[in-house]
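Have a look at the structure below before the remarks.
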There are 2 protein chains.
Amino acid sequence: MTNKPTIRDVAKHANVSPATVSYVLNGVKKVSDKTKIRVLEAIEQLGYYPDFTAVSLSKRKSNLIGIMLPLTDDMPDNATASVLKNNLYYNEFISGVEMVAREQQFDTLLTGVADQEECRKWVKKRNLDGLIFLGIFPKSIFEQMSKLGIPIVLIDTYEEYTKLFNNVQIDDELGGYLAANHLIKLGHKNIAFVSTNLNLSPVDTKRFTGFKKALNEAGLEVNNHLLFETREITFENGMEIAEKILNENKELTGIVTVSDILAIGMIKAFQYHQKHVPNDFSIVGFDDLSISQFTTPSLTTIKQDIFKKGEKAAELLMNNIGDQGVERQIIELPVQLVVRESTKKIVSN
Amino acid sequence: MTNKPTIRDVAKHANVSPATVSYVLNGVKKVSDKTKIRVLEAIEQLGYYPDFTAVSLSKRKSNLIGIMLPLTDDMPDNATASVLKNNLYYNEFISGVEMVAREQQFDTLLTGVADQEECRKWVKKRNLDGLIFLGIFPKSIFEQMSKLGIPIVLIDTYEEYTKLFNNVQIDDELGGYLAANHLIKLGHKNIAFVSTNLNLSPVDTKRFTGFKKALNEAGLEVNNHLLFETREITFENGMEIAEKILNENKELTGIVTVSDILAIGMIKAFQYHQKHVPNDFSIVGFDDLSISQFTTPSLTTIKQDIFKKGEKAAELLMNNIGDQGVERQIIELPVQLVVRESTKKIVSN
DNA sequence: GGGTTTTGGTTAACCGGTTAACATACGTTT
DNA sequence: AAACGTATGTTAACCGGTTAACCAAAACCC
């Protein structure tokens, strides 16, 4: 009796067949109240609970969902971990997913995938019930994925293949607009835009569109020399860009970034070179990570609720796992300008 | 052929029995080279790869490891997520685990567990192959866990039940010592110690021991009024403690904390009340999180390699999962004082 | 050349659930 | 009273692997 009891043990104990126990467990209405009670008692007495592995095998349902993180092709295979490590954004998102998933007896698996083949295999190997794609992926991967036959939720994705999947996103264009507009209102005229590669990131492109729109409305030129792209979102890369700005002696006072991480890195580099934020440069971040109100200066930023994004993504996924025919949905979460200390009114000198 | 091929498909294709394929897959030396090649070709041609669910069921091995996070009893069940969200420490650790696990085809599951029953069930349900306990748990849980029959690695644990399990830890006492000693060398005499509840956290107690040792060696009194405990490690709690220090008008110039998170929160609160770090207070953090060199002032802290801690934990676990008879091991990782901007020499006024 | 290993392979039960198909008893309908 | 649903179970195959037990042929031994 030291071993975990099986469904057959329960059946024997309640004097019914294993099938009946299974029916009780799954709420199939084929069992009389009298026997149902007997079975429930047996379950109680033996301390029985089902083995997910066995359930997975026979039901083809693992109660496992996967979160896919992008690996750019030049990253080593194990880059997942380092991406995770550095990017607080992922962290908050995943927490949100976990939260909702756990409530429904689901567990969450993480992976970074280099190519679609690997991804497909992972899904099949583990019998994953649903998938969340977090970040930017090569388009080709989605074609493959659509054949997998499991619900998929995309986060922050704008390509046309979006039409096939659920989507949780924010109004990135508005975000870019709000950030730029804030600086414009403060009197800034030479405003930089700091992002990842615009060719690769539709999200950043949207934000840039909003950025341009604000500038245009204010009658300002979008200066290509004030456009900075970096490969990855890390503190260090933020520093590099700041140094580049100083080295090249760019004429600018305002900076819009696509991430708090970049903004924090930039501020640090500026400080290092005796430049003051916000006196010399006003910087707007993006995301409003939990750290962002505790830096000095605290960050003016475009707030999005990343945690909720994760929750919504999980909810969408769970609904789709439940019943198939559900309509594909797009959820757009609000963004909001949060003014703190990293931006200030420009003083005409 | 749209469906994933099974081992029987491969068998048919190679004109052998499923058993033979299985033997090839598992490197059992019962197959001639000639047939082995045939089987391998069939696998290749069909694009076969095993179903982990089925393997789990028959082998009782899931290639899944679990990371247990502590839930204090007054937290709601879904507090895992919020713990994860707020504590960058966990984040880095988990990244390290993931890294090593993935290399060996393992996936990682996270959970917070309130009581041992829940934990035991989770392990059994998912057929977990190994477990990592990250943080402080009630002692009783370990007695239960030792009966589970799977390898276990404890992180930062000092109780005597440690004798039963593997352990990855740092020299916490040295850490506390180095932090206090650093402040003493800078001329500080009134030094506070900020931690979680010392009754509950052996780790913090060790650090406090080192702290006291440094003070004693320098002929300084350990003042109980300068001892601050908080329930949770969050930025906000750091702020609260700082405010308490200011409100109660404590006479102190140096502060040793058990976490960068607390230190960052404290610095922010001090700044808010027009106090300057390090001019008014010198603060030493603990951990050296990735953010800690980018705050202002950047943090003087006791560096530990959390990521490596995760890696080591996973390695230990993997070794134990491989062959059973391995000796229990304790790994102690180094700590190191990193001097940055949050501490400075005291000026006699 | 007959007996014994060794080599290389197959068969079939098993892991712990699920579920389609079948069986029986009982109440209803006509 | 025959025919037919309906409610309540059971049987047994199945999910996709693993592995103990068995077996035939070849190799080895005197």
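Number of residues in segment B:31-52 that are within 9 Å of DNA strand C (Cβ to nearest atom) and either loosely packed, with under 13 Cβ neighbours inside 10 Å or within 14 Å of another protein chain (Cβ to nearest Cβ) (or both) equals 3. Within segment A:29-44, residues that are without any contact (Cβ under 8 Å) to a residue 40 or more places away in the chain sit with their Cβ atoms under 7 Å from residues that are more than 12 Å from DNA strand D (Cβ to nearest atom), at 6+ positions apart or across chains, in these pairs: A:Ala42/A:His13. Using the structure shown, decide if A:Val28 is assigned to a loop (DSSP other than H, G, I, E, B) and either within 22 Å of B:Cys119 (Cβ to Cβ) or more than 8 Å from DNA strand D (Cβ to nearest atom) (or both). Here the answer is yes, as A:Val28 does meet what is asked.
So that you can scan it fast, the table gives a plain yes or no per residue for (1) of a type in the set (Val, Ile, Thr); (2) under 26 Å from A:Ser298 (Cα atoms); (3) assigned to a helix (DSSP H, G or I); (4) more than 14 Å from chain A (Cβ to nearest Cβ):
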site	(1), (2), (3), (4)
B:Met266	no, yes, yes, no
B:Ala269	no, yes, yes, no
B:Pro278	no, yes, no, no
B:Ala314	no, no, yes, no
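In segment B:209-218, is there at least one residue being assigned to a loop (DSSP other than H, G, I, E, B), modelled with pLDDT of 95 or more and over 30 Å from B:Glu327 (Cβ atoms)? Yes, because at least one residue in segment B:209-218 is assigned to a loop (DSSP other than H, G, I, E, B), modelled with pLDDT of 95 or more and over 30 Å from B:Glu327 (Cβ atoms).
Tell me, which residue of segment A:280-312 that is in a loop (DSSP other than H, G, I, E, B) and under 16 Å from the mean Cα position of the chain (by Cα) is nearest to the other protein chains (Cβ to nearest Cβ)?
Residues of segment A:280-312 in a loop (DSSP other than H, G, I, E, B): A:280-281, A:288-289, A:294-299, A:304-305.
Retained after the next criterion (residues that are under 16 Å from the mean Cα position of the chain (by Cα)): A:288-289, A:304-305.
Working: A:Asp288: 13, A:Leu289: 9, A:Gln304: 15, A:Asp305: 12 Å.
My answer is A:Leu289.
Taking the criterion of being crowded, with 18+ Cβ neighbours inside 10 Å, facing another protein chain (nearest Cβ under 7 Å) and not polar (S, T, N, Q), the only residue of segment A:53-70 that qualifies is A:Leu57.
Taking (1) out of contact with any helix residue (DSSP H, G or I) (no Cβ under 6 Å at 6 or more places or on another chain); (2) crowded, with 22+ Cβ neighbours inside 10 Å; (3) of a type outside the set (Asp, Glu) in turn, A:Asn197 satisfies each apart from (2). The set of residues from segment A:1-25 being away from DNA strand D (no atom under 12 Å from the Cβ), surrounded by 13 or more Cβ atoms within 10 Å (Cβ to Cβ) and over 43 Å from the mean Cα position of the chain (by Cα) comprises A:Asp9, A:His13.
The values are calculated or read from the model by the stated rules, or taken from the named source; none is laboratory data. Source: prediction; values computed, not measured. Every residue, glycine as well, gets a Cβ built from its backbone with ideal geometry; the counts of neighbours run over all protein chains shown.
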